[in-house]
Amino acid sequence: MRLIGTFAAVILTALLSTSAGNVLAAGGSFLDRSFEAAVPDQAIAARLLNSNAPLRLRRQETPLPDWSVEASGKPIGYLASTWEISRSVGYSGRPIDILVAVTPDGRIAGAELIRHNEPILTLGISTADIARYVDGFAGVDLTELHHGSDTESVLPDVIARATVSTGVIRDAILRTVRSVILGRRLQSSGATGIDRQSFAPITWAGLTAEKAVAGTEVTLDQAREALAGASTPIPSGGGAFIDLRVAVLDPPTIGRNLLGQQGYTRAMAALGPDEVALFVASKGLQSHRGTAWRRSGVFDRIALRQGNETYFFRAEDYRRIDKLALPEAPDFKEMSLFRLSTEVFDPTAPFTLEVTAERETATGSISMVTSLPYLLPPGFRQQAADLPEAAPLWISAWQRKRAEIAGVGLMLAVLAGILFFQESFVRRAHLWRWGRIAFLTVTLVWLGWIAGGQLSVVHVVAFLHSLLSGFRWETFLIEPVVFILWGFVALGLLFWGRGVYCGWLCPFGALQELTNEIAQRLRIAQIEVPFVIQERLWVIKYTLFVAILGLSFYSMEQALILAEAEPFKTAMSMYFLRAWPFVVFVALILIAGLFIERFYCRYLCPLGAALAIPAKLKLFDWLRRRPQCGRECRLCEQQCTVGAIDPIGRINPNECVLCLRCQMIFHDDATCPVLKRRSSRRKQATEAPTPG
């Protein structure tokens, strides 16, 4: 079984490594190569803009790619792709592409769903339902979405059981429309911003002369004097210790000339509506990036100071630049693009970029800071639109589900107490039995059927894809119950293994155990599967998980079809109100579970297999055993609900669901044969006659 788990882990690692390698090689998401944004035609433009006149579409590449639509020589609107501008990625980790039409006065004329791969749609929600939700954005005026206002009255209602997907769609449409309005300057106000419209060809010398690209240089002689006493001396000579350059890339005259049209479009499309791109380049002995950020996730050598604030760059906000479009540009050793939020950073205000060089000395360390001040020249600024944004959907979701969040929090607190103080819990056999039955009942009825807390292997696949295509916390925060559960399960994998979810928090697992409990009380004969057969049947679920994950990199649609091997959607999310083949499938699983306890968990569950692989990193082993276990006594092996104890008494953490039955037997004088023999010997010793 260990070989099976190791094999699955190797396959999973290979898949992720290959995909991650492709991402790095491309300098972005692997989706950039496999998916192209929709190109509108006259029929789509006429439908979205509600026009019967002959239309002319004209492509614009800067400041952001979109199409202007003209009728009788006059502009009537603009079309844009959410994938091309905002890089909208759904819960599946795959692109969601929507064509959005914006009128000259900044109103959404219409929107049309082009493509999606959302797994949540398998919950009985059709593509037509999502398309109707997208159509509901027609007529929305972005200027009505003021902070603190009731956005629910302005935007279409989210679809029940598809809040994640519809939230991502809403965010993509609003970000795209806002970008078009800003780029086309369809609204204006007194707020000073970046000129994202104007473009003029300019050379490297011109950019530096206008101070659009600022620079500073520290020579080796200067560094040697500042770092005197370093254990590793600075080499002699008059070359550059560091030649540092910085620029704000957003103005097309700066960014498009530096990166070229394609590189600039890709860089701007990766930004959110409240983000800007900072270009940093250097050459010489000192690196502005270093290597520590690969381990820590934060760049320790480079920082940005503005006013009294200091900002450090994170790994997820970094992108490497390999080549500049200007042939006369210097040959830099390192070039970086850093993403910054305008909520904390003002790109039009003065700031200072600092690079710290640190060297060890005989008594400690010594450092030198290279400072480069920068101010975006006035020629690259303009009166920008001040468009309010709708509050993030995840915030309203957490506010709306306060009761569910409190309930889940209480359940997790109780479970943590049980597992941390399990010896006190299992020493009382009646408390263990009825406490477990009560907890599983709450898990089934409240967590599964009411709060919607059934996790799925689709969540695992979506999470892995999101890591490769641009992870966003907002996508997962939209479902607070699922988010909290996954957070607790991730921590529980390190403390207790997969059993923290499979044995206590899985609604379908609770349904199986409770129905089997009823079957045993009705004296339905239980089938004991020999360990040698059971060990080979475990292969099924690991193979199924690897197949679903591997297939998802080829076709998410086919992976979702294969993921129907999970009965969770039918039994939990849709309350058995589904087409008869799905209901029959679930019924067969539950019937098999009447004779073999947790039949599905043992042999078929791909989610259990997915949790078992990282559970190998479990830090603690709190399940107690005796030397006699598996040698003199095999009672726990016979009583184990999932057959996780082998013939020599070892507990397989990959299969254990942490039901604590073996621990109850371990402490029960009336059940454990070892304790019964000890008690019998003590009793005989006390009753034996005194010699003489």
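Just so it is clear, none of the values below were taken in a lab; they were calculated from the coordinates. Just so we're clear, the structure is a prediction, and the values are computed from it rather than from any experiment. Every residue, glycine among them, receives a Cβ derived from its backbone with ideal geometry; neighbour counts consider all protein chains shown.
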Karplus-derived 3J(HN,Hα), 6.51/-1.76/1.60, for each residue of region 212-229, Hz, glycine and proline x: 6, 10, 9, x, 8, 9, 10, 7, 5, 5, 5, 5, 5, 6, 6, 10, 4, x
Per-bin percent of Cα-Cα distances, region 591-673 [5 Å]: 3, 14, 23, 23, 19, 12, 6, 1
In Hz, Karplus ³J(HN,Hα) per residue of region 437-443 (6.51, -1.76, 1.60; θ = phi - 60°; x = Gly, Pro): 4, 5, 5, 5, 5, 5, 4
When the chain is reduced to its Cα atoms, the Kirkwood hydrodynamic radius in Å: 29.2
At most 12 other Cβ within 10 Å, DSSP loop - GluC sites (Glu not before Pro), region 527-559: E528
Rounded Å value of the spacing that divides the Cα centres of region 506-524 and region 403-442: 18
Cleavage-rule hits, GluC sites (Glu not before Pro), region 559-633, DSSP coil, Cβ neighbours within 10 Å at most 13: E632
Selection from A172, L48, A610, by position along the positive dipole direction of the chain (Cβ): A610
Value at 222 nm in deg cm²/dmol, rounded to 500, when DSSP H runs of n ≥ 4 in the chain each add -39,500 (n - 2.57): -12500 deg cm²/dmol
Hits among aspartates and glutamates - C-alpha to C-alpha of K323 under 18 Å, sequence gap 8 or more where chains match: D243, D250, D331, E334
Inter-label distance for V584 and D346, nm, one decimal - labels placed 7 Å from Cα along Cα-to-Cβ: 6.9
Unmatched cysteines, the chain - criterion: no other Cβ of a Cys under 4.7 angstrom: C502, C506, C601, C605, C629, C633, C640, C656, C659, C672
Sequence-separation-based contact order of region 517-655, relative, with Cα cut under 8 Å and 6+ spacing, percent: 26
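Using the Cα centre of the chain as the reference point, and only Cβ charges (+1 on K/R, -1 on D/E), how large is the resulting charge dipole? Debye, rounded to the nearest 20.
The dipole magnitude comes to about 2800 debye.
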Amide H within-cut-off set for I76, under 5 Å, with H built and near neighbours excluded: V69, E70, A71
I321 long-range amide H proximity, modeled H, under 5 Å: M335, S336, L337
Selection from V218, F463, V39, by position along the positive dipole direction of the chain (Cβ): F463
Loop-resident sites, region 466-572, for chymotrypsin sites (Phe, Trp or Tyr not before Pro), counting at most 16 other Cβ within 10 Å (DSSP): F471
Nonlocal amide H pairs with G110, under 5 Å, H built at 1.01 Å: A101, G139
Region 452-459 - phi-based ³J(HN,Hα) in whole Hz, Karplus 6.51/-1.76/1.60, Gly and Pro as x: x, x, 7, 7, 8, 5, 5, 4
